[in-house]
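Before any comments, here is the structure.
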Amino acid sequence: MKQFLFLYPLRDIMDFEVKNNSPQEKEGPKVFREKYKKTLNKCIDLRYRRNGFGINYAIFDDCVVSDLIEMQKDDRVIHVGMNLKVHRTIQSSGEYPYPNPDYILNQLQNPESLRVTGFHLWDCVQRVAKRGYERGLNVLVDEDLTELFSKIFMKPEFRIKKFPGYYPKNLPKRLLPMLMESRRDKPWMLQEY
């Protein structure tokens, strides 16, 4: 079965993204928040739900899904086996603990094909996507719906229905080689645009 996994759509993370990327004029933040919510949910619906993907939101055990996410009847909330306070507490080793990717993946219903997104692209999303790939799943990270979303969804060329919705070719030429280099040896990331 095809599965869509959105990691950690928590209120504080999503509110931070909206607040720090919204225009600062009088009505800017409120309007930006509503457009963010509408466009994000439309992307999830058109890219995944309507294409037969099971929709899964992974959250820490002591958290709830942000009100920016419009859950549908068949959507699932997956708890990750760790609370947020533990995740945000540095250990004696100097490292932060992370939820076990296998614990998360084991809760998905018969995953064959997996699309992973959420927060944060080069950390948590990458960990779970990599582990899914190691387990033999057909994995792809939808980068559009990570922390990058708040920076790209209002661009006129952004496509809601299909990933990638925003082509990096629109980036300054010096950034594209760095972007492509960051994906080398990561087959769960889009390899060409």
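The figures follow:
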{"read-out": "Filter pass, residue 94 being out of contact with any Phe, Trp or Tyr (no Cβ under 8 Å at 6 or more places or on another chain), modelled with pLDDT of 95 or more and assigned to a loop (DSSP other than H, G, I, E, B)", "value": "no"}
{"read-out": "Residue in segment 7-17 that is touching a residue at least 60 places away in the same chain (Cβ under 8 Å), in a loop (DSSP other than H, G, I, E, B) and either among the polar types (S, T, N, Q) or out of contact with any helix residue (DSSP H, G or I) (no Cβ under 8 Å at 6 or more places or on another chain) (or both) present", "value": "yes"}
{"read-out": "Among (1) more than 20 Å from residue 7 (Cα to Cα); (2) modelled with pLDDT of 95 or more, the one test that residue 171 misses", "value": "(2)"}
{"read-out": "Failed item in (1) touching an Asp or Glu at 6+ places or on another chain (Cβ under 8 Å); (2) in a strand (DSSP E or B), with residue 77 passing the rest", "value": "(1)"}
{"read-out": "Answer residue from segment 102-123, given it is at pLDDT 95 or above and in a helix (DSSP H, G or I) and is farthest from residue 78 (Cα to Cα) among those", "value": "102"}
{"read-out": "Residue under evaluation residue 94, criteria (1) within 14 Å of the chain's Cα centre (by Cα); (2) exposed (fewer than 14 other Cβ atoms within 10 Å of the Cβ), criterion not met", "value": "(1)"}
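The values are calculated or read from the model by the stated rules, or taken from the named source; none is laboratory data. Nothing here was measured: the structure is a model prediction, and the numbers come from that model. Cβ coordinates were reconstructed from backbone atoms using ideal geometry, including for glycine residues, and neighbour counts include every protein chain displayed.
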